[in-house]
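What follows is one structure encoded as structure tokens, with my remarks underneath.
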Amino acid sequence: DQQVKQNSPSLSVQEGRISILNCDYTNSMFDYFLWYKKYPAEGPTFLISISSIKDKNEDGRFTVFLNKSAKHLSLHIVPSQPGDSAVYFCAASDPGNTPLVFGKGTRLSVIA
Amino acid sequence: EAGVVQSPRYKIIEKKQPVAFWCNPISGHNTLYWYRQNLGQGPELLIRYENEEAVDDSQLPKDRFSAERLKGVDSTLKIQPAELGDSAVYLCASNTRGGTDTQYFGPGTRLTVL
């Protein structure tokens, strides 16, 4: 059973517009959430994270929102740029130092 | 600062053959992870090392997979014998102290078993 779900396999957005990538989780013990970005033939690179004590974290063009009651988080990219085209993975962990649990990823294409 | 280094980048083997992957983590990183990423899926942890000790290998198929991290630095992941279902990208990651500390990934080794 997938504990971290990214239900949109792909997303296309026009350059300059907002990209919104969604992630749902089922394990209520998760308290730390991360987004990784992956280009072809490269390993995932850390993008942004959020702790469960917050509902928003912002870093430049990237903002992650966490809705604990809905067990939902989202990554907003504003404005989207062609270089943002990649696969984005949502990941989560619980306080027990257990492994990160990754979603299946969403492929974002930013069209110029 | 050099990132996580993995080799080889690509490997094609026949089923039932052995294969080994090598990882050199970022200098000073005590925790090392091996993940497997199947096509269309996210990475899944195979084994985690704290220095030279394997602290989580619950997802490692021990009948055919083995790993070692001698001296707590480099690590090798081996499959013997390989099966068709082992075709995947094998990723190595490291961080300074485990937990929620950011994990830095290597480029991965893409294994194809024919």
Quick shape check on the range B:37-101: root eigenvalues a ≥ b ≥ c of the Cα gyration tensor, a/c under 1.5 is rounded, otherwise prolate if a/b tops b/c, else oblate, and it reads oblate
Exposure of B:Ile12 as accessible area (Å², to 10), given a probe of 1.4 Å and all protein chains
120 Å²
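What are the semi-axes of the equivalent ellipsoid for the protein assembly as shown, taken as the square roots of 5 times the Cα gyration tensor eigenvalues, largest first, in whole Å? Don't skip to the end; give the middle numbers.
On the way: eigenvalues 179, 80, 53 Å².
Three semi-axes, in Å: 30, 20, 16.
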Could you quote the convex hull projected area for chain A, Cα atoms only and averaged over all directions, in nm²?
6.8 nm²
At a probe radius of 1.4 Å, figure out the A/B buried accessible area, summed over both chains, and give it in Å² to the nearest 100.
1400 Å²
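Full-extension gain between B:Gln17 and B:Asn38, please, as 0.36 nm times their residue separation minus the C-alpha to C-alpha distance.
Values: separation 21, 0.36 × 21 = 7.56 nm, distance 1.96 nm.
Length gained, B:Gln17 through B:Asn38: 5.6 nm.
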Loop-only check: which trypsin sites (Lys or Arg not before Pro) in the range A:1-76 are DSSP coil with at most 13 other Cβ within 10 angstrom?
A:Arg17, A:Lys54
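Rounded, prolate or oblate: which fits the range B:27-72, taking a ≥ b ≥ c as square roots of the Cα gyration tensor eigenvalues, rounded meaning a/c under 1.5, else prolate when a/b beats b/c? If you can, show how the numbers build up before the last one.
Values: a/c = 2.55, a/b = 1.48, b/c = 1.73.
Cα axes put the range B:27-72 in the oblate bin.
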With a Förster radius of 30 Å, plug the Cβ-Cβ distance of B:Val73 and B:Thr102 into 1/(1 + (r/R0)^6) and report the FRET value to the nearest 0.05.
0.95
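To the nearest 0.05, what FRET efficiency results for A:Ile18 and B:Ala2 with a Förster distance of 45 Å applied to their C-beta separation? Mind showing how you got there, number by number?
Numbers: r = 36 Å, r/R0 = 0.79.
The pair A:Ile18/B:Ala2 has a calculated efficiency of 0.80.
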Kirkwood Rh over alpha-carbon pairs of chain B, then Stokes-Einstein at 20 °C and 1.002 mPa s: what D in µm² s⁻¹, rounded to an integer?
154 µm²/s
Find the accessible area per residue for the range A:6-62; the probe is 1.4 Å, ligands and nucleic acids are left out, and the unit is Å².
55 Å²
Distance between the range B:68-114 and the range A:1-42 - C-alpha centres, whole angstrom
23 Å
Kindly flag which residue pairs out of B:Lys11/B:Lys62; B:Lys15/B:Lys71; A:Lys56/A:Lys104; A:Lys104/B:Lys16 have an alpha-carbon separation exceeding 25 Å in this structure.
B:Lys15/B:Lys71; A:Lys104/B:Lys16
Please state the Cα pair-distance histogram of the range B:1-65 with 5 angstrom bins from zero: what percent is in each bin?
4, 13, 19, 27, 22, 11, 4, 0
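The values are calculated or read from the model by the stated rules, or taken from the named source; none is laboratory data. Not measured: the values here are computed from a predicted model. Counting neighbours? That spans all protein chains shown, and the Cβs are built from the backbone with ideal geometry, glycine included. Note: areas computed on protein heavy atoms with side chains; ligands, DNA, RNA excluded. Shrake-Rupley method; radii C 1.70, N 1.55, O 1.52, S 1.80 Å.
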